[in-house]
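> My questions will all concern the structure given below.
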Amino acid sequence: MKILVGYDGSQASKEALKLAQAYADICNAKLEIAKSVTRQQPMEYSEVEVAEYMLEEEIINILSGKNIRYETHLLISSKSS
């Protein structure tokens, strides 16, 4: 079983992640955590790597050492005209 959680760093998304964590623990589910970023200009690969690393660090801090399976996904889109 997988649980998809949209994450934007807001307090509401942090609380949603904690709730999903509780459900994942009960159901032995894996969390799929997605964050969307809109870029204003082309991003260098190193910038993407930093954004992925920062997302991973945020999630680790929120899940606070619990043994929950999870995967993070950083979705990058262009600003639409």
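The values are calculated or read from the model by the stated rules, or taken from the named source; none is laboratory data. Here the structure is a predicted model, which is why all the values come from computation and not from measurement. All Cβ positions, glycine included, derive from the backbone under ideal geometry; neighbour counts span all protein chains shown. SASA here: full protein model, heavy atoms, side chains in, ligands and nucleic acids out. Shrake-Rupley method; radii C 1.70, N 1.55, O 1.52, S 1.80 Å.
> For a quick check: with amide H placed at 1.01 Å from N, whose amide H comes under 5 Å from residue 37's, ignoring anything fewer than 5 positions away on the same chain?
Here the answer is 75, 76, 77, since their amide H atoms fall under 5 Å of that of residue 37.
> Going by amide H atoms built from the backbone, whose H comes under 5 Å of the H on residue 30, apart from near neighbours?
2, 3
> Which residues does the label zone of residue 56 cover in the stretch 1-33, counting backbone N under 20 Å from a point 7 Å along Cα→Cβ?
The answer is 5-9, 30-33.
> Determine ³J(HN,Hα), in whole Hz, for all residues of the stretch 38-46 in sequence, where each value follows from phi through the Karplus function 6.51 cos²θ - 1.76 cosθ + 1.60 and θ = phi - 60°; x replaces Gly and Pro.
Listing the rounded values in order: 9, 8, 8, 8, x, 9, 6, 4, 5 Hz.
> Where the accessible area of the chain is counted over protein heavy atoms with a 1.4 Å probe, how much of it, in %, is carbon and sulfur?
Exposed carbon and sulfur together represent 51 percent of the surface.
> A follow-up question, please. With volume of the Cα convex hull per residue in Å³ defined as stated, name the option among (1) 93; (2) 107; (3) 125 computed from the structure displayed.
Recomputing volume of the Cα convex hull per residue in Å³ here gives the entry labelled (1).
> OK, next. Mind listing the phi-derived Karplus ³J(HN,Hα) values for the stretch 59-75, rounded to whole Hz, using 6.51, -1.76 and 1.60 with θ = phi - 60°, and x for any glycine or proline?
Ordered by residue, 3J(HN,Hα) equals 5, 4, 5, 6, 6, 6, x, 5, 8, 10, 6, 7, 9, 9, 9, 9, 9 Hz.
> Rank by packing, highest mean first: peptides 39-45, 28-34, 49-55, 6-12, with packing defined as the count of other Cβ atoms within 10 Å averaged across residues.
The most tightly packed comes first, giving 28-34, 49-55, 6-12, 39-45.
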